[in-house]
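Step one of this worksheet: look at the structure below.
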Amino acid sequence: RSRAEEVGQSLPAMLANLATQASHTLSDVVKLAQGVHVVPEFLGNRAPFADPHARAVVAGLGMETDLDSLVSLYIAGICSIGYGLRQIIETQASAGAPIERVVISGGAGRHDLVRQLLADAIGKAVLATRAEEPVLLGAAILGAVAGGQFGDVQTAMGVMSHVSKVYEPHRDISALHNARFGAFTRLQAVAREIG
């Protein structure tokens, strides 16, 4: 954390930047996870299992204490968020509500690396919004409708919100993500079984 503060970045931004510098492409960054796997259910599982008793799993850690091992854990964590989202997307699709793309904004989703890793992990396009503060934009949209500027929310959204960039999943890395997703679901199942 002190190193991140020295360079004027948040710790997640610094880790993402280090990972990006260590790889040829944003999609190749997943290779830095090197056998580290995370199931990020630190506060239970909201979806698709609605299990408040679910617990997190971190597997594959060694005794390393260097910055590279922290970058590896960070990348595994970001991928795991994508795999949890993939579960939700697959569950929705099997219930008749498929999606074609995901819109991301704010927080960690501001970094190009996070956006690309999520697109690769879920196998769907990730669209980044132009608005840096989407909650404030949503409030402005509702205010504009309430104030009579627009007749409905959908029209206001069409005028006031915009996509800045689309992150397409890279098919050449999909086999690795499929294998990691398989590990994710197995670890998740074992955690439920032994919990």
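Below are the figures for this structure:
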| item | result |
| --- | --- |
| Breaking point among (1) under 21 Å from LYS31 (Cα atoms); (2) among the small types (Gly, Ala, Ser); (3) touching a Ser or Thr at 6+ places or on another chain (Cβ under 9 Å), for ALA131 | (1) |
| Given (1) part of a loop (DSSP other than H, G, I, E, B); (2) at pLDDT 95 or above; (3) within 21 Å of LEU118 (Cβ to Cβ), number of the condition GLN9 does not satisfy | (2) |
| Residue among VAL58, VAL38 that alone is crowded, with 18+ Cβ neighbours inside 10 Å and not in a helix (DSSP H, G or I) | VAL38 |
| Among the candidates ALA125, ALA95, residue that is over 27 Å from ARG1 (Cα atoms) and either among the hydroxyl-bearing types (Ser, Thr, Tyr) or touching a residue at least 40 places away in the same chain (Cβ under 8 Å) (or both) | ALA125 |
| LEU136 surrounded by 14 or more Cβ atoms within 10 Å (Cβ to Cβ) and in a helix (DSSP H, G or I) | no |
| Residue pairs meeting the criteria (Cβ under 9 Å; at least 6 apart or on separate chains; first within 14 Å of CYS79 (Cα to Cα) and free of Cβ contacts under 8 Å to residues at least 12 places away in the same chain, in region 163-188; second of a type in the set (Gly, Ala, Ser) and surrounded by 14 or more Cβ atoms within 10 Å (Cβ to Cβ)) | ASN178/GLY123 |
| Which listed residue is buried (at least 18 other Cβ atoms within 10 Å of the Cβ), touching a helix residue (DSSP H, G or I) at 6+ places or on another chain (Cβ under 7 Å), over 26 Å from VAL30 (Cα atoms) and not basic (Lys, Arg), from ILE122, ILE141, ILE104 | ILE141 |
| Flag for ALA156 being out of contact with any Lys or Arg (no Cβ under 6 Å at 6 or more places or on another chain), crowded, with 17+ Cβ neighbours inside 10 Å, free of Cβ contacts under 8 Å to residues at least 40 places away in the same chain and part of a loop (DSSP other than H, G, I, E, B) | no |
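The values are calculated or read from the model by the stated rules, or taken from the named source; none is laboratory data. Keep in mind the model is a prediction, meaning the values are calculated, not measured. A quick note on method: Cβ atoms are made from the backbone with ideal geometry, for glycine too, and the neighbour counts reach across all protein chains shown.
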